[in-house]
Amino acid sequence: MKNLDILIVGGGPIGIACGLQAKKKGLNYLIIEKGPIVNSLFNYPINMQFFSSSERLEIDDIPFISKEAKPKRNEALEYYRRIVTSNKLNIHLFEEVLEVKKEDDQFTVQSTKEKYSAKNVIIATGFYDLPNKINVPGEDLPKVSHYYKDPHFYASQKLAIVGASNSAIDAALECWRKGAEVTLIIRGPEVGQRVKYWVRPDIINRIEEGSIAVFYNSEVKEIREQEMTINTPDGDIVIANDFVLALTGYMPNFEFLEMLGIQLSQDNKKLPTYDSATMETNISGLYLAGVICGGMETHKWFIENSRIHAKLIVDHILSKIKTKIN
Ligand SMILES: Cc1cc2nc3c(=O)[nH]c(=O)nc-3n(C[C@H](O)[C@H](O)[C@H](O)COP(=O)(O)OP(=O)(O)OC[C@H]3O[C@@H](n4cnc5c(N)ncnc54)[C@H](O)[C@@H]3O)c2cc1C
């Protein structure tokens, strides 16, 4: 077993930023990613446009040039892929980390392929793997999905979309424009206030003109093969339905964090414990980076404001090495 200075779990934008920073500082590092490079971005809707402008998604000041101010998914894939390949980052793809254990001052990391030894471990596993379930009968039917990819699939179909945030609203507009009959089911009284400022008027106008149907203050009660029941302020309503997109957000893998021994706040935010100056958790040598830091508050951290984690962590690891040498 080779003894690494840093093992990074997750090859998303922030895991990559950590790898790049470690490489620049001459540390012996490895990124382990369970899917392709930037797996979460790869799984975003194919036409997705970031709300951030491209310079705010840059890592290590490497210029990100996009056609429009706010890049599209395929441009982001190109950007992060080129960072990995042109810097020859040490990354293992399609390999999942199953277990991280600490004994004395050393971490042992077991993946689906190998066992590693590392002095420090960075967890940069994001939050896109686990959807917030709506927990109703029928949610497991094949016609229900928690991920939206391509509007073509829903053309000429009766599509119900659950949710009021960016993912749900983008999907509703795109699918309606490609010929789906869209019904939005929104738990609150309005379209989410955090919906991109240039998209919100579009959806509100489509709802007002009757192109997209909406049930406000409503929740799905049951999904069946060809219809669904919605609980509305006027009582239960049954609508015909071919497909359901339940786009009600995602959450970090808390079981994984707890298995590592990271303390979570006891309220429903489940905030992981870490020092915001160094990103070190309650376990010395174990760090958090990227959007995983927000617990259930997944809207708090983005690439924009978490790319700084890479430098904070590597600086802290270097300072520990210096102290040891001295
Ligand atoms: C639809 C959408 C739009 C967004 N738009 C923006 C935007 O415009 N601007 C912005 O700044 N942010 C945006 N975000 C937020 C942010 O871009 C993403 O959450 C971003 O991917 C976070 O980067 P990350 O590296 O922290 O996590 P991720 O990109 O999620 O990377 C985590 C990686 O860890 C891997 N992984 C997980 N578990 C394991 C394991 N056990 N072993 C190995 N690998 C593992 C995953 O496969 C994944 O590749 C958006 C998020 C979503 C969902």
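The values are calculated or read from the model by the stated rules, or taken from the named source; none is laboratory data. Here the structure is a predicted model, which is why all the values come from computation and not from measurement. Heads up, the Cβs are rebuilt from the backbone with ideal geometry, glycines too, and the neighbour counts pull from every protein chain shown. Note: accessible area is taken over every heavy atom of the protein model, side chains too, but ligands, DNA and RNA are not part of it. Shrake-Rupley method; radii C 1.70, N 1.55, O 1.52, S 1.80 Å.
Solvent-free Debye calculation, one equal scatterer per alpha-carbon of region 20-159: log10 I(q)/I(0) at 0.09, 0.11, 0.12 Å⁻¹ equals -0.40, -0.59, -0.69. The base-10 log of I(q)/I(0) for region 170-289, evaluated at q = 0.09, 0.10 Å⁻¹, reads -0.43, -0.51 [Debye formula, identical scatterers on Cα atoms, solvent excluded]. Amide H to amide H, with H built 1.01 Å from N, residue 184 comes under 5 Å of 161, 213, 214, 215, counting only residues 5 or more places away or on other chains.
Note on region 1-75: Kirkwood radius taken over Cα pairs, Stokes-Einstein applied at 4 °C and 1.567 mPa s, translational D equal to 95 µm² s⁻¹. Under the criterion of Cα pairs below 8 Å and six or more residues apart, the relative contact order for the chain equals 19 percent.
Its convex hull of Cα atoms gives the chain a direction-averaged projected area, equal to a quarter of the hull surface, of 18.0 nm².
Give a quick list of trypsin sites (Lys or Arg not before Pro) in region 1-37 that DSSP marks as loop, anything other than H, G, I, E or B, with at most 10 other Cβ atoms within 10 Å. When the trypsin sites (Lys or Arg not before Pro) of region 1-37 are filtered for loop state and at most 10 Cβ neighbours within 10 Å, 2 remain. Cross-link partners for residue 196 among the lysines, with Cα-Cα distance under 29 Å and sequence neighbours closer than 8 places in the same chain left out: 67, 70, 72, 133, 143, 149, 158, 178, 221, 269, 270, 300. Ranked from largest to smallest solvent-accessible area, with a 1.4 Å probe on the protein heavy atoms, 37, 203 come out as 37, 203.
Taking a point 7 Å out from the Cα of residue 105 in the direction of its Cβ, the residues of region 269-304 whose backbone N falls within less than 16 Å of it are 284-286.
The order of the peptides 291-303, 60-72, 234-246 by mean Cβ neighbours within 10 Å, most packed first, is 291-303, 234-246, 60-72. In the chain, the DSSP beta bridges split such that about 45 percent are antiparallel, to the nearest 5.
Ratio of Rg to Rh for region 118-167: 1.13 [Cα atoms; Kirkwood radius as inverse mean 1/r over pairs].
Here the Debye sum runs over all C-alpha atoms of region 269-326 as equal scatterers in vacuum, and log10 of I(q)/I(0) at q = 0.17, 0.31 Å⁻¹ comes out as -0.56, -1.29.
Scalar couplings 3J(HN,Hα) for region 168-182, obtained by applying the Karplus form with A = 6.51, B = -1.76, C = 1.60 to θ = phi - 60°, are 5, 6, 4, 5, 4, 5, 4, 5, 4, 5, 9, x, 7, 9, 9 Hz; x denotes Gly and Pro. The slack in the chain from residue 98 to residue 117, taken as 0.36 nm per residue of separation less the alpha-carbon distance, amounts to 5.5 nm.
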